[in-house]
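Asker: Mind looking over this structure? Questions follow.
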Amino acid sequence: MDLRQMEYLVALADEQQFTRAAAVCHVSQSGLSAAIRGLEEELGTTLFDRTTRRVVPTDAGLALLPHARTMLAQAAAARDAVVRATHELSGSLRVGAEQCLGMVDVNALLERVHLLYPLVELEFTQAGSHELAARVNEGTLDVAFVAGGGQVTRLRRHEFGRRPIVLLVPPQHPLAGRDRVEWADLRELDFVDFQESWAVRTLNDEACAAHGVPRRVSAAVNDVHTLLDLVHRGLGIALVPQHVAAKPQASGLVTLRLPPESTPEWVVSAITGAPAAASAPLLLDLLDAELALSA
């Protein structure tokens, strides 16, 4: 087994199609197929079930997959360690983040990188998670701090934590006196929410649709504080991550819990493409170290 085979294995498991996996790996489809066949012959077992529509890992393939990801991660870490040990880190690092993620203080992290590695030219972009993921995927960002509940294909994900989604209502709202609400209670109510490029908007849309809750978004914003202000002013209720409900600007609003077994989670992660800038793993190393110290 070699790293090239592990890269092809992971790409094929993620994409479930030889054509897309070959494109991700920048190799011909025949070359990728040959490498996977060679790996199967070496291990004496079938790693993928192949159909006309998709390619799915077998039990053996699923067993090998986490080890393949570990091998690739260790190889990348070793390469970056050599870069950091033999060169004063320089070049550019293009970072993106969604606003008010919670769990990750991106501004403080950028300050720390700037102080420790002054030759690194930082570029920072703030946008919704869907836009940031697209930019990492196309190679115009090296690392992005995003949120959401779904998987990001073809991108490496480094998860930091999870929080539940809660409901915010103004104190005069009919639901304000409840300890907990059901999804059915949200029917025919006006909502304040974020623009569709934000991950939380997708979570909210999908959760409401799954529970048969048609809703009207009367205001769609690109700023957390604007959303809270509009809820204060009675323009609608809002589904937000738990940490947003704890902000000082939310003081006076009523926070209500939805059924935990059917409520989506807010998942905060860093995503990087392949290849990423040599300083991108360093950024995550710094953040991991700070989170460990504060734990």
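Asker: Just to verify a result, which residue in the range 5-19, among those that are touching a residue at least 60 places away in the same chain (Cβ under 8 Å) and more than 17 Å from Leu39 (Cα to Cα), is surrounded by the most Cβ atoms within 10 Å (Cβ to Cβ)?
Answerer: Glu15
Asker: Here's another thing I want to ask about it. Under 12 Å from Met6 (Cβ atoms), at pLDDT 85 or above and within 25 Å of the chain's Cα centre (by Cα): which single residue out of Leu39, Leu65 fits that description?
Answerer: One residue alone meets the criteria, Leu65.
Asker: Another question about this same structure. What tally of residues in the range 75-95 results from selecting those that are assigned by TED's automatic domain parsing to the domain that holds Ala35 and modelled with pLDDT of 85 or more?
Answerer: The number of residues fulfilling the criteria is 0.
Asker: Do we find that Gly61 is over 17 Å from Arg156 (Cα atoms) and in contact with a Phe, Trp or Tyr (Cβ under 6 Å, 6 or more places away or on another chain) in this structure?
Answerer: yes
Asker: Show the residue pairs that are 6+ apart or on different chains and have beta-carbon atoms under 7 Å apart, the first residue being within the range 104-119 and closer than 14 Å to Gly91 by Cβ, the second being in a loop (DSSP other than H, G, I, E, B) and of a type in the set (D, E, K, R).
Answerer: If the second residue must be in a loop (DSSP other than H, G, I, E, B) and of a type in the set (D, E, K, R), the pairs left are Leu119/Glu88.
Asker: Residue by residue through the range 20-53, note down the ones that are within 22 Å of Asn137 (Cα to Cα) and free of Cβ contacts under 8 Å to residues at least 60 places away in the same chain.
Answerer: Arg20, Ala21, Ala22, Ala23, Cys25, His26, Val27, Ser28, Gln29, Leu32, listed by residue number.
Asker: Would you call Leu32 modelled with pLDDT of 85 or more, within 30 Å of Ala245 (Cα to Cα), among the hydrophobic types (A, V, I, L, M, F, W, C) and in a helix (DSSP H, G or I)?
Answerer: no
Asker: Also, I was wondering about something else. Could you tell me how many of the residues in the range 191-222 are without any contact (Cβ under 8 Å) to a residue 12 or more places away in the chain and either of a type in the set (Asp, Glu) or in contact with a His (Cβ under 6 Å, 6 or more places away or on another chain) (or both)?
Answerer: Total satisfying the criteria: 1.
Asker: In the range 102-139, which residue that is of a type in the set (Ser, Thr, Tyr) and in contact with a Gly (Cβ under 9 Å, 6 or more places away or on another chain) is surrounded by the fewest Cβ atoms within 10 Å (Cβ to Cβ)?
Answerer: Across the range 102-139, the extreme among qualifying residues is Thr125.
The values are calculated or read from the model by the stated rules, or taken from the named source; none is laboratory data. These figures come from a predicted structure and were not determined experimentally. Positions of Cβ are backbone-derived with ideal geometry, glycine not excepted, and every protein chain shown enters the neighbour counts.
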